[in-house]
Each structure stands twice: as C-alpha cells, then as structure tokens.
Amino acid sequence: MPDGYQNIYKAARRAAGITQERAAELLCVSVRSLADYETGQRIPPNDVIDRMSTIYDNVPLGIQHIRETNNLMARVV
C-alpha cells in the first residue's frame, strides 16, 4: 500500500463520525468482520457496501469499492 493510504471503508466510517462498534451493529456484521474490512484482510460483500453507503451517507463509497475491487470496472468507471 502506498504511504499515506487510508482504507476507504475506515475513512468513510470515520468521516460519518461513527464508532467501529456502532457501525458493526448498524451494518449487521461483527466488529471482527468490520475490522477485517478496514484493515484490508477481507473485502466486504456488495450488500454490506450498500448498507455502508446509506449508513455513512456516502454514495461515492460504492464507486470507490468497485474501482478498488474490480480491475475491469476500474478501467471503465
């Protein structure tokens, strides 16, 4: 990862002012799963990204997710 890189899921949650524990509850995932998404250990499924976009009030998060997780879409979008 480049220096200064911040995980897009963590950045979106923090920008929304939501704790990791509260976000996990609202997203219906475990704190461990959310932590894994925020450290790059796991890629969140699209249904979780959809909920993140709504809960964090961050529609561009979905586009960022596609760009970072899908090489073909990254070239197109």
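Take the residues of region 38-50 that are β-branched (Val, Ile, Thr) and within 13 Å of residue 13 (Cβ to Cβ): which is surrounded by the fewest Cβ atoms within 10 Å (Cβ to Cβ)?
Only one residue fits best here, namely 39.
Quick check on my filter: what residues within region 27-45 are charged (D, E, K, R) and assigned to a loop (DSSP other than H, G, I, E, B)? Give the steps one after another, and end with the answer.
Narrowing region 27-45 to residues charged (D, E, K, R): 32, 36, 38, 42.
Scanning region 27-45 gives a single hit, 42.
Pairs please, first residue from region 40-60 and on the phi > 0 side of the Ramachandran plot, second anywhere and not in a helix (DSSP H, G or I), Cβ atoms under 8 Å, 6+ apart in sequence or on different chains.
40/1; 40/7
One line per residue, one yes/no per condition, for (1) open to solvent by 40 Å² or more (accessible area, probe 1.4 Å); (2) at pLDDT below 95; (3) closer than 19 Å to residue 67 by Cβ:
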position	(1), (2), (3)
9	no, no, yes
12	no, no, yes
19	yes, no, no
28	yes, no, no
36	no, no, no
52	no, no, yes
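The values are calculated or read from the model by the stated rules, or taken from the named source; none is laboratory data. Predicted model, so just to flag it, every value in this text is computed and none were measured. As a convention, Cβ positions derive from the backbone with ideal geometry for all residues, glycine included, and neighbour counts pool all protein chains shown. All accessible areas refer to the heavy atoms of the entire protein, side chains included, with ligands and DNA or RNA removed. Shrake-Rupley method; radii C 1.70, N 1.55, O 1.52, S 1.80 Å.
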